[in-house]
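Please read the structure below before turning to the comments.
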Number of protein chains: 2
Amino acid sequence: MNEFMQAAIEEAEHAVATARGGPFGAVVVHEGHIVGRGHNTVVDTRDPTAHAEVNAIREASRVLDRFDLSDCELYTTCEPCPMCYAAAYWARIPRIYRGATKEDAAGIGFDDKAMYDDLARPTEDREIQLVELDREACLEPFRFWESKPDRVPY
Amino acid sequence: MNEFMQAAIEEAEHAVATARGGPFGAVVVHEGHIVGRGHNTVVDTRDPTAHAEVNAIREASRVLDRFDLSDCELYTTCEPCPMCYAAAYWARIPRIYRGATKEDAAGIGFDDKAMYDDLARPTEDREIQLVELDREACLEPFRFWESKPDRVPY
């Protein structure tokens, strides 16, 4: 049993035992040490983004004081949903160890596969209706950004 | 000019003016009122998940004290990245008004399209390496969840 996955499982068990959220846990590891722990807290905090991986990534970023976690790895008890995968992508995490599959998650009512399928569709065929509005005005902040010599790319 | 998109643009301008993050803003609207505002704070907070839409959704969830925002709409100055789209999906937001396109964003260095393409690939071909580890042990929290009669689905 991998010690980091064991820690992630303990997070998942804690989420269920305390009724904070779904049965998911994750840890972020940097140079052999856990720098972020998270379990699902969607129910407790009423925050739909409070998935285990997002919570663990947020904590790791606070601890390391940087948004670039390219020298870290993520251990998660279940294959990340698209939100959590994308969060790891933005954090530049190169490798994710996962326990259960998204099919396992679907078996207990968490259908991430539907969301993956939806994201792979063209914008106009997605579940959430996307409507264009005031595009030209929204380009103004882009120009403002480009005019700032001290902007920090990420 | 739509008043809610105007508010989202003001958020985006604020992010740039204060150097908190990228030129993106968003608001969540419930029954004709803004209940969540957000701008990108990735640089300032060193949180890679602190995109405008995620910040706005988190605030709306706090204000309404629930993770289900199915009676809300999201206004965002730019087409959401997969993380933000998935956050809106989990929040059950049915409609998103967006200003700039992901092609506009790519033009100033924010290449969300690459992330959309990556997510559409089979797991083994993705940019982040996904490695299976201790799957059987990770199913234990799932069984624990199913054994709890008071579990809250979301």
Across region A:118-154, what is the number of residues that are loosely packed, with under 14 Cβ neighbours inside 10 Å and either more than 7 Å from chain B (Cβ to nearest Cβ) or out of contact with any Gly (no Cβ under 7 Å at 6 or more places or on another chain) (or both)? 14
So is residue B:56 free of Cβ contacts under 8 Å to residues at least 24 places away in the same chain, within 19 Å of residue A:130 (Cα to Cα) and of a type in the set (A, V, I, L, M) or not? no
What are the residues in region A:1-36 that are at the interface with chain B (Cβ under 8 Å from one of its Cβ atoms) and either of a type in the set (Lys, Arg) or part of a strand (DSSP E or B) (or both), if any? A:25
Checking B:82, B:94 in turn, the sole residue that is facing another protein chain (nearest Cβ under 7 Å), at pLDDT 95 or above and within 10 Å of the chain's Cα centre (by Cα) turns out to be B:82
If you check residue A:58 against the conditions, is it surrounded by 15 or more Cβ atoms within 10 Å (Cβ to Cβ), of a type in the set (D, E, K, R) and at negative phi? yes
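Give the residue that is surrounded by the fewest Cβ atoms within 10 Å (Cβ to Cβ), with candidates limited to residues of region B:10-34 that are in contact (Cβ under 8 Å) with a residue 24 or more places away in the chain and aliphatic (A, V, I, L, M).
Only one residue tops the list, namely B:19.
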Within region B:76-103, which residues are in contact with a strand residue (DSSP E or B) (Cβ under 7 Å, 6 or more places away or on another chain) and surrounded by fewer than 19 Cβ atoms within 10 Å (Cβ to Cβ)? B:94, B:95
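Can you find a residue that is in a strand (DSSP E or B), more than 7 Å from chain A (Cβ to nearest Cβ) and at pLDDT 95 or above anywhere in region B:39-51? Before the answer, list the steps.
The first filter runs over region B:39-51 and keeps only residues in a strand (DSSP E or B), leaving B:39.
Imposing the further condition that a residue be more than 7 Å from chain A (Cβ to nearest Cβ) reduces the set to B:39.
Cutting the leftovers down to at pLDDT 95 or above gives us B:39.
Looking through region B:39-51, at least one residue is in a strand (DSSP E or B), more than 7 Å from chain A (Cβ to nearest Cβ) and at pLDDT 95 or above.
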State all residues of region B:76-99 that are more than 15 Å from residue B:11 (Cα to Cα) and among the small types (Gly, Ala, Ser); if no residue qualifies, say none. B:86, B:87, B:88, B:91
Residues of region A:101-117 satisfying the condition of being more than 7 Å from every other protein chain (Cβ to nearest Cβ) and either within 26 Å of residue B:1 (Cβ to Cβ) or among the charged types (D, E, K, R) (or both): A:102, A:103, A:111, A:112, A:113, A:117
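Taking residue A:106 as the residue in question, decide whether it is farther than 18 Å from residue B:127 by Cα, touching a helix residue (DSSP H, G or I) at 6+ places or on another chain (Cβ under 8 Å) and surrounded by fewer than 22 Cβ atoms within 10 Å (Cβ to Cβ).
Numbers: farther than 18 Å from residue B:127 by Cα: yes; touching a helix residue (DSSP H, G or I) at 6+ places or on another chain (Cβ under 8 Å): yes; surrounded by fewer than 22 Cβ atoms within 10 Å (Cβ to Cβ): yes.
It is true that residue A:106 is farther than 18 Å from residue B:127 by Cα, touching a helix residue (DSSP H, G or I) at 6+ places or on another chain (Cβ under 8 Å) and surrounded by fewer than 22 Cβ atoms within 10 Å (Cβ to Cβ).
Report yes if residue B:128 is touching a residue at least 24 places away in the same chain (Cβ under 8 Å) and more than 16 Å from residue A:110 (Cα to Cα), otherwise no.
Working: touching a residue at least 24 places away in the same chain (Cβ under 8 Å): no; more than 16 Å from residue A:110 (Cα to Cα): yes.
For residue B:128, the condition - touching a residue at least 24 places away in the same chain (Cβ under 8 Å) and more than 16 Å from residue A:110 (Cα to Cα) - is not met.
So which of B:100, B:52 ends up being within 15 Å of residue B:22 (Cα to Cα), aliphatic (A, V, I, L, M) and in contact with a Leu (Cβ under 7 Å, 6 or more places away or on another chain)?
Details: B:52 fails: in contact with a Leu (Cβ under 7 Å, 6 or more places away or on another chain).
Unique residue meeting the criteria: B:100.
The values are calculated or read from the model by the stated rules, or taken from the named source; none is laboratory data. The structure displayed is predicted, hence computed values, not measured ones. Virtual Cβ from ideal backbone geometry, glycine too; neighbours counted across all protein chains shown.
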